[in-house]
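Q: Starting off with a structure, shown below.
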Amino acid sequence: MTKEKGIPQIRFSGFTDTWEQREVSNVAMISTGGTPSTAINEYWNPKQVPWLSSGEVHKKYITYTDDKISNEGLNHSSARMIKQNSVLIALAGQGKTRGTVAINRISLSTNQSIAAMTFAPDICPEFVFSNLESRYDELRKVSSGDGTRGGLNKQLVSEIQIPYTSLNEQRKIGQFFTHLDRLITLHQRKYDKLTKVKKAMLEKMFPKNGSLYPEIRFKGFTDAWEQRKLEEVITVGNGMDYKHLSEGDIPVYGTGGYMLSVDKALSYDKDAIGIGRKGTIDKPYVLKAPFWTVDTLFYCIPKEDYSLDFVYCIFQNVNWKEKDESTGVPSLSKVNINSTDVKVPTLAEQEKIGAYFAQLDNLITLHQRKLEKLKNIKKACLEKMFV
């Protein structure tokens, strides 16, 4: 069973019929919108009718619009009311907008850069939406122009071929991808929320300029933090060339995860902070021992009485881009790292702060991995569940 025969590679139990292809014009009513004159206040106030711009199509499931027009504006422009659960496609946009699809969960009007497909009763909108979402590159290529310029139009949309199977199978597939999208959105929101929490807490749990006391700290800690240079806190080392090494079990940071075998005496046996010497200089990360680093990375090992997790927080709080020493490829030097001013508390408080942020990082990584896994599942299913 192959896609060429009109049968998807994966399908729900009980469905065996061969799929067909139908032109959008044969199964949907297609309409485009309009924009009331902005020179006439009465067309935009009072805010009565949801009005969607093409830049909002990225919301995918439209439950609100950023703007509204008045009933008067609706009646005196090309804007038309679109029934809920229509499939919307952005017609224009020099960036990523053109070819993006959405499904409206509310009745609304749109601007002229959106075409709405309102389907016949034997077509499940969620089924079509999922199919067209997976065909983004194809939709951009059929745009008028050379695929990079120009845009889609009502005629081109009407000629799009969409798969057709029984309504029950369409609904099963549509529900499956709708559920998957909800899970992706859930983990995306959790990930975004946690990253915002981390950013806020990095600001509040470290003293601001001119102060030796953080805004928020753990119970029992009241002493002022002490001013230090980073050279008092860490030992900075240079990475080395790795091309002469053979394959093995030691990770070489900066090579995309490629593993190489090195003399154990030459690999680093203490966890450290890695930061770019050239190129990306503002994305520090933890290096787990044993490791080897390439010559475009520095490794920074905390000295005695300094917590690795806390020092990692320090590195994330420094604006390394401001320390760029090159007019070309961004670069850092040992001197610049070592001379950076930082503030540190007692080891006990460092460990509390470090443990808090390590736990937060673990949660962020967890949701990031789940998000990536769900997106990969969706991509694979979109390829295998449609013909």
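The values are calculated or read from the model by the stated rules, or taken from the named source; none is laboratory data. Everything quoted here is computed from the prediction, not taken from an experiment. We place every Cβ from the backbone using ideal geometry, glycine too, and count neighbours over all the protein chains shown. Heads up: the accessible areas ignore ligands, DNA and RNA and are worked out on the full protein's heavy atoms, side chains in. Shrake-Rupley method; radii C 1.70, N 1.55, O 1.52, S 1.80 Å.
Q: Per-residue accessible area for H58 at 1.4 Å probe radius, Å² rounded to 10?
A: Its heavy atoms expose roughly 130 Å² to the probe.
Q: At 1.4 Å probe size, what's the solvent-accessible area of D17? Round to the nearest 10 Å².
A: 110
Q: With the Cα gyration tensor of the range 325-370 giving a ≥ b ≥ c as the square roots of its eigenvalues, does the rule (a/c under 1.5 for rounded; else a/b larger than b/c for prolate; else oblate) give rounded, prolate or oblate?
A: oblate
Q: For K47, give me every one of the aspartates and glutamates with a C-alpha distance below 16 angstrom, ignoring sequence neighbours fewer than eight places off in its own chain.
A: D66, D67, E72
Q: Still on this model: Give me the distance in nm between label points sitting 7 Å out from Cα along the Cα-to-Cβ direction at N376 and N153, one decimal.
A: 4.3
Q: Under the classification rounded if a/c is under 1.5, otherwise prolate if a/b is larger than b/c and oblate if not, where does the range 59-218 fall, given a ≥ b ≥ c as square roots of the Cα gyration tensor eigenvalues?
A: prolate
Q: Ordered by packing density, taken as the mean number of other Cβ atoms within 10 Å over each peptide's residues, highest first, how do 135-141, 275-281 rank?
A: 275-281, 135-141
Q: Just one of [x] -0.41, -0.52, -0.64, -1.20; [y] -0.53, -0.67, -0.79, -1.09; [z] -0.27, -0.36, -0.46, -1.21 is log10 I(q)/I(0) by the Debye sum over Cα atoms at q = 0.07, 0.08, 0.09, 0.14 Å⁻¹ calculated from these coordinates, so which is it?
A: Of the listed options [x] -0.41, -0.52, -0.64, -1.20; [y] -0.53, -0.67, -0.79, -1.09; [z] -0.27, -0.36, -0.46, -1.21, [y] comes from this structure.
Q: Got a sec? Charge dipole of the range 6-164, +1 on Cβ for Lys and Arg, -1 for Asp and Glu; which of L156, G55, I10 is way out at the positive end?
A: It is G55.
Q: I would also like to ask the following. For Y61 and K229 in the same chain, what is the full-extension length gain: residue separation times 0.36 nm, less their Cα-Cα distance, in nm?
A: Computed gain between Y61 and K229 is 55.4 nm.
Q: At a threshold of 8 angstrom on Cα-Cα distance, excluding pairs fewer than six apart, so keeping six or more, what relative contact order does the range 42-87 reach in percent?
A: It comes to 46 percent, rounded to a whole number.
Q: M385: accessible area at probe 1.4 Å, nearest 10 Å²?
A: 10
Q: Here is a further query. With all protein chains present and a 1.4 Å probe, how do R98, R182, R22 order by accessible area, largest first? Let's see the in-between values first.
A: Numbers: R98 0, R182 155, R22 75 Å².
I get R182, R22, R98, largest accessible area first.
Q: Something else about it: Determine the distance separating the Cα centre of the range 14-42 from the Cα centre of the range 51-73; give it in Å without decimals.
A: Each part's Cα centre sits 16 Å from the other's.
Q: Can you pick out the pairs among K193/K370; K96/K172; K5/K379; K193/K323; K219/K283; K83/K154 whose Cα atoms lie more than 27 Å from each other?
A: K96/K172; K193/K323; K219/K283
Q: With +1 on the Cβ of every Lys and Arg and -1 on the Cβ of every Asp and Glu, and nothing else charged, how large is the dipole of the chain about its Cα centre, in debye rounded to the nearest 20?
A: In debye, rounded to 20, the chain gives about 880.
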